[in-house]
Each structure stands twice: as C-alpha cells, then as structure tokens.
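Each value in this text was obtained by applying a stated rule to the coordinates, not by laboratory testing. Note that the structure is predicted; figures quoted are calculated from it, not measured. Note that each Cβ is placed from the backbone with ideal geometry, even for glycine, and that neighbours are counted across all protein chains shown.
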C-alpha cells in the first residue's frame, strides 16, 4: 500500500469520526498525521478543526496557521481555516490578531457575510464599536431577505456610514 493511499484513508477515517461526533477519537490520528505530513495543509486544517471542536482553541491556532501557509486547500477549506483562525484568536482574547486575520480573509473572499460578522465581533472586542456596527449594518442591508429590511436598505446603508447624523430643524 503506498503512502498517499495510507494518508488519504487515515484522513478520511479521522474526519468521519469528527463528523460523527467522536472528535476525541479523531484527535490522536489527526495529530499523528500532522506529525507525519507537516507540510500538508489539508491535514493541518482538519487537525485545527478537531482541536476547535474539543474546545482546545490554543492548540488549534498553530494548525490553522500551518494550513493557511501551505498550498492545497480548496477555497471552501481555506475560507474555513481563515474563519476558524480568526474566530479562535478572538475567543482567546487576541483581538488585534483576529482583526488582522479576518481582514486578510476578506481580501481573498470579499463581501463574505460570515467573515464580515466575525470581523465585526473582533472589531467590537478591540474597541472599534463604531466600525463593528457599520460593518454589521452594511452586511444586514446586503444579505437580508427580509422584505422590511429591503424596503429600508438605502437608509440602512446611508446611516451605516454616518451613525451620528442628526437632522437639524430648519436646515
């Protein structure tokens, strides 16, 4: 049996365990795979994910970083790795790093509402509440399928850029 086949089979088994709710059982084989294939972005991403699922955020970070620094992730997995790393850094209180990660993600995946929502949370945590609200309002206006939000989309977008606008009487 060649090593590529062994790698693929072991990765499939570990991912299936995680997907079936057995993250603890998936963790050890994923860590072993990550040690055997340190340059493999897909394995690094899956290893980060299992650590996140288990609430081991600090342990997930280096695997997310490894996944994003390598090649071979699908766009979907690259997006997930960015979101996972940004979210994890925010949960760990690394707010500026979370903001940087999520902004970098939005360079690759512009206008992605999930990334924008997580960026807004990180901005809020880093003391940039005004920018966070602006981003959330713009995301709401752009993505909501609610008819009433749609009716007021232009106003929401306008006020997102000028939250302190006050109409003075007689002007």
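Going by neighbour counts of Cβ atoms within 10 Å, the residues 73, 85 line up, fewest first, as 73, 85.
Principal-axis analysis of the Cα atoms of the chain puts helix 75-91 at an angle of about 70° to the longest axis.
Computed from Cα atoms alone, the Kirkwood hydrodynamic radius reported for the range 17-66 is 10.4 Å.
With a cut-off of 14 Å on the backbone N, the residues of the range 1-23 near the modelled label site 7 Å out from residue 37 along Cα-Cβ are 2-16. Computed over the range 81-136, the range of Cα coordinates on each principal axis works out to 25, 24, 13 Å, biggest value leading.
Seen against the Cα atoms of the chain and their longest principal axis, helix 23-36 is set at about 70 degrees.
Dividing the Cα radius of gyration of the chain by its Kirkwood radius returns 1.12 for Rg/Rh. Each of 162, 112, 8 has some number of other Cβ atoms within 10 Å of its Cβ, and from fewest to most they run 162, 8, 112. Residues within the reach of a label modelled at residue 130 (point 7 angstrom out along Cα to beta-carbon, backbone nitrogen below 18 Å), restricted to the range 141-166, are 157-166. With viscosity 1.567 mPa s and temperature 4 °C, the Kirkwood radius over alpha carbon pairs of the range 61-112 converts through Stokes-Einstein to a diffusion coefficient of 119 µm²/s. What's the long-distance tail for the range 115-171, i.e. % of Cα pairs beyond 16 Å? Cα-Cα pairs of the range 115-171 separated by over 16 Å account for 49 percent.
Calculation over all alpha carbon pairs of the range 20-104 in 5 angstrom steps from 0 returns a P(r) of 3, 18, 27, 24, 19, 7, 2 percent.
Result for the chain in a Gaussian network model with C-alpha springs under 10 Å: among 88, 143, 101, the largest mean-square fluctuation is at 143. Each of 12, 149 has some number of other Cβ atoms within 10 Å of its Cβ, and from fewest to most they run 12, 149. Seen against the Cα atoms of the chain and their longest principal axis, helix 113-125 is set at about 80 degrees.
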